[in-house]
1. Of the residues in segment B:184-204, how many are facing another protein chain (nearest Cβ under 9 Å) and among the charged types (D, E, K, R)?
2. So how many residues does segment A:62-84 have that are without any contact (Cβ under 8 Å) to a residue 60 or more places away in the chain and buried (at least 24 other Cβ atoms within 10 Å of the Cβ)?
3. Out of B:Val270, B:Val240, which single residue is more than 13 Å from A:Glu59 (Cα to Cα) and either more than 12 Å from chain A (Cβ to nearest Cβ) or outside any loop (DSSP other than H, G, I, E, B) (or both)?
4. For residues that are within 7 Å of chain A (Cβ to nearest Cβ) and part of a loop (DSSP other than H, G, I, E, B), scanning just segment B:205-233, find the one that is surrounded by the fewest Cβ atoms within 10 Å (Cβ to Cβ).
5. Give just the number: which of (1) under 20 Å from the mean Cα position of the chain (by Cα); (2) assigned to a helix (DSSP H, G or I); (3) within 9 Å of chain B (Cβ to nearest Cβ); (4) more than 29 Å from A:Gly311 (Cα to Cα) does A:Gln250 not satisfy?
6. Within 9 Å of chain A (Cβ to nearest Cβ) and assigned to a helix (DSSP H, G or I): which single residue out of B:Arg257, B:Arg318 fits that description?
7. Which number in (1) buried (at least 24 other Cβ atoms within 10 Å of the Cβ); (2) among the aliphatic types (A, V, I, L, M); (3) out of contact with any Phe, Trp or Tyr (no Cβ under 6 Å at 6 or more places or on another chain); (4) under 20 Å from A:Glu14 (Cα atoms) marks the one condition that A:Ile101 misses?
8. Residues to consider are A:Asp281, A:Asp255, A:Asp239, A:Asp249; find the one that is out of contact with any Asp or Glu (no Cβ under 6 Å at 6 or more places or on another chain), free of Cβ contacts under 8 Å to residues at least 40 places away in the same chain and of a type in the set (D, E, K, R).
Protein chains: 2
Amino acid sequence: MKKEHIDQINAAVEAVKKRKEINHFYFVACGGSMALFKPVEFIMDCECEIPATVYTANEFIHRSPKALNENSVVISCSMRGETPETVKATKIAREKGALTISMSHVVGSSLWNACEYPIHYDWLEEEDMTNHNHTILYSLIFNILNAISPSDKYARACRAVERMDAVFKANKEKYKEAAKEFGSKYKKEEIIYTMASGGSSGPAYSFAICILMEMQWINSSFIHAGEYFHGPFEITDSDVPFIIVKGIDQTRPLDERAHAFCKKFSDKIVLIDAADFDMKDIDEDLKGYFASIVVGVVLREYANALAEFRGHPLTVRRYMWKMEY
Amino acid sequence: MKKEHIDQINAAVEAVKKRKEINHFYFVACGGSMALFKPVEFIMDCECEIPATVYTANEFIHRSPKALNENSVVISCSMRGETPETVKATKIAREKGALTISMSHVVGSSLWNACEYPIHYDWLEEEDMTNHNHTILYSLIFNILNAISPSDKYARACRAVERMDAVFKANKEKYKEAAKEFGSKYKKEEIIYTMASGGSSGPAYSFAICILMEMQWINSSFIHAGEYFHGPFEITDSDVPFIIVKGIDQTRPLDERAHAFCKKFSDKIVLIDAADFDMKDIDEDLKGYFASIVVGVVLREYANALAEFRGHPLTVRRYMWKMEY
C-alpha cells in the first residue's frame with residue numbers, strides 16, 4: 001500500500017479513536033460505490049456491536065436519521081467524487097457534527113473537499129490492485145475495528161490487504177476462460193438474475209444494476225438467496241438465467257440451498273463458487289470476508305467478456321452524463 | 001381494534017418498557033412479511049435513536065449479529081407462523097436473551113410458540129381491516145415509540161390506526177378502475193419494474209417479488225428511486241414498464257425525480273401517487289407514514305386485476321408448498 005493511502009487511513013482512524021462514544025457507522029454512497037459498502041456492513045454486523053448501516057445517499061439526505069449526530073461516523077464514497085447526492089449527504093453529516101470520512105479516486109473533488117478525512121484510491125488504470133477501492137476500504141474498516149477493539153484477527157486482516165493484489169490476479173486469470181464461455185453463451189439473453197447473500201450481496205447487486213442494466217441494457221434484478229424461496233423462486237424455469245454466487249462466509253448455507261434448488265429447474269446457471277477461489281496465504285478465519293471482494297473482481301471479468309461478445313462496450317450510455325437528471 | 005389484539009400489543013409494549021437499555025430493534029421475517037417491516041424500519045430511523053434493522057430470517061440466523069443480546073428486541077412475523085427460518089431466528093434470539101415479539105395470523109403456530117409475546121392479526125377473510133398485519137404492526141410500533149419517548153404525536157398515531165379501515169376501503173374503491181386498466185393494458189408484459197423510496201419501499205418490493213414474480217411469474221425487480229440514476233435508469237426505454245410509487249413521506253423528492261425522468265423515456269408508466277390518496281381525517285404530520293401501508297392495499301387491487309385479466313389466479317404456484325426446498 002502506498003504511503004499516501006496509509007497516511008490518509010491512519011489520520012481517519014485516529015479521528016475515530018478520538019470520538020469517545022460512537023453511536024452509529026453510516027455508509028453512504030450511490031450505485032456501485034454503495035454496493036462496495038455491503039461487505040463491510042456485513043463485517044461490522046458480525047464483528048462489532050456498534051450499528052452500521054448502508055444508505056443510498058439521497059435516502060440518507062431526506063430520511064435524515066434521528067441518531068445522526070456528533071457521535072456518528074459517516075463514511076462516503078464516490079469514484080469521481082462529484083456524485084451530487086453523496087457530496088450533499090457528506091456536507092449534511094458534517095454540519096451535524098458527525099465525523100466524515102470519504103473515499104474518492106479524484107483528489108480535490110467536491111467529495112474530497114466536503115469531508116474532514118479524504119482517502120484516495122486507485123482505479124483500473126493502476127496495475128497494482130492493492131490500492132483499489134475495495135482494498136482501501138477493507139484496510140480502513142479493519143483498522144477501525146482494531147482501534148475500537150484491538151485483536152490479533154483485525155491486525156492480521158490489516159496486513160492481509162497487502163496480499164490481495166496477488167489473490168485478485170490469480171483469480172482473474174483462473175476465471176478468464178469461464179468468463180469467455182459466459183459471454184459467448186449468454187450474449188443474447190434479455191434478462192439475467194444475480195443471486196447471493198452475506199458479504200457477496202454487494203458485488204452481486206452491483207453486477208445486476210451497474211453491469212447488466214447500466215452498461216449492457218440487459219434486464220436484471222439482484223435476488224437475496226434467503227429471499228429466493230419467499231417469492232422470486234417461482235420465476236425459475238429452464239430458460240431463465242441466474243448468476244449464483246456461493247460465498248464462503250457465514251451465510252454460505254443460504255447460497256447452497258438456493259443453488260441446489262435453482263439448478264433443478266434452470267438449465268442456465270452460472271455458478272461463481274468462492275470455495276474454488278485461489279485465496280493464496282489469506283488466513284482461514286479471514287477468507288470469508290476477503291472472498292466477497294474477490295467475487296467483484298471475478299465478476300468484472302465476466303462483464304468484460306459479455307461486453308466483448310455483445311459488441312456493446314461497458315462505457316456506452318444513453319442517459320448518464322449526456323443530460324441533466 | 002379487538003380486545004384480543006389490544007391486550008397482546010399491550011403485553012409486548014410493557015415487556016419492552018421493562019428492558020432498561022435497548023440496544024437494537026431487529027425486524028426478522030421473509031418475503032412479504034419482511035417487506036411489511038420496511039415502513040416501520042423507516043419510521044424508527046426517522047423517529048428514534050435506537051437502531052432498527054430489517055433482516056431476511058436466514059441471513060439473520062447465519063450472520064448472527066454481534067449486538068444481539070438481552071438488550072435487544074426482536075420482532076418477527078409469519079402469516080401462517082410456520083416459516084422455518086423465521087421460527088428458528090426467533091428461537092435463537094430468545095436463547096440469546098433478546099425480547100421476542102412475533103406476529104402471526106395463526107394462533108398456536110410454531111412461531112406463536114417460539115416467542116415470548118405473540119400477537120395475532122386478521123387477514124383477507126376479515127372484512128374489517130383494522131386488525132390486519134400492517135395496522136397491528138403500526139399499533140405495536142407507535143405504542144413502543146410512545147413508551148420509549150412519550151409524545152402527543154405517537155399517542156395520536158396509536159389512535160389513528162383505528163381510523164385506517166375507512167382509509168383503506170376508500171382507496172380500494174378509488175383505485176378500482178385504475179387497477180382494471182392496469183390489468184388490461186399490462187397483462188402481456190414479460191417484465192414490469194417497481195420503483196419507490198422511503199416507507200413505500202416495502203410494498204413496492206413486495207409487489208415485485210410476491211405478486212409479479214411469485215404469483216404471476218412475471219419478471220421483475222424493485223428499484224430504489226434513489227438508486228435509479230446510478231445504474232438502473234439505463235434500462236429505461238419506451239416499451240419498458242415501471243410501476244412508480246410517489247410517497248408523501250420525507251423521501252418524496254426522490255420519487256418525484258425518478259418519475260420526472262422515467263416518464264420522458266418510457267411510455268409505460270403506472271403511477272401510484274399517494275398525494276391523491278383519500279387519507280380521511282389522518283393528521284397531517286402522520287399522513288406520510290400511514291400512506292405507505294395504503295400503497296400496499298392499493299397495489300393489492302392492481303394484483304387482483306392483473307391476475308383476473310391474465311387468467312392466472314394469485315393462488316397458483318409451481319414450486320411453493322409442492323415440494324421440499
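The values are calculated or read from the model by the stated rules, or taken from the named source; none is laboratory data. Remember, predicted model here, so these are calculated numbers, not experimental data. We place every Cβ from the backbone using ideal geometry, glycine too, and count neighbours over all the protein chains shown.
1. So the count comes out to 1.
2. Selection size over segment A:62-84: 5.
3. Working: B:Val240 fails: either more than 12 Å from chain A (Cβ to nearest Cβ) or outside any loop (DSSP other than H, G, I, E, B) (or both).
When all the criteria are applied, what remains is B:Val270.
4. The qualifying residue surrounded by the fewest Cβ atoms within 10 Å (Cβ to Cβ) is B:Trp217.
5. Result: A:Gln250 fails condition (2) only.
6. B:Arg257
7. (3)
8. Details: A:Asp281 fails: free of Cβ contacts under 8 Å to residues at least 40 places away in the same chain; A:Asp255 fails: free of Cβ contacts under 8 Å to residues at least 40 places away in the same chain; A:Asp249 fails: free of Cβ contacts under 8 Å to residues at least 40 places away in the same chain.
So the residue among A:Asp281, A:Asp255, A:Asp239, A:Asp249 that is out of contact with any Asp or Glu (no Cβ under 6 Å at 6 or more places or on another chain), free of Cβ contacts under 8 Å to residues at least 40 places away in the same chain and of a type in the set (D, E, K, R) is A:Asp239.
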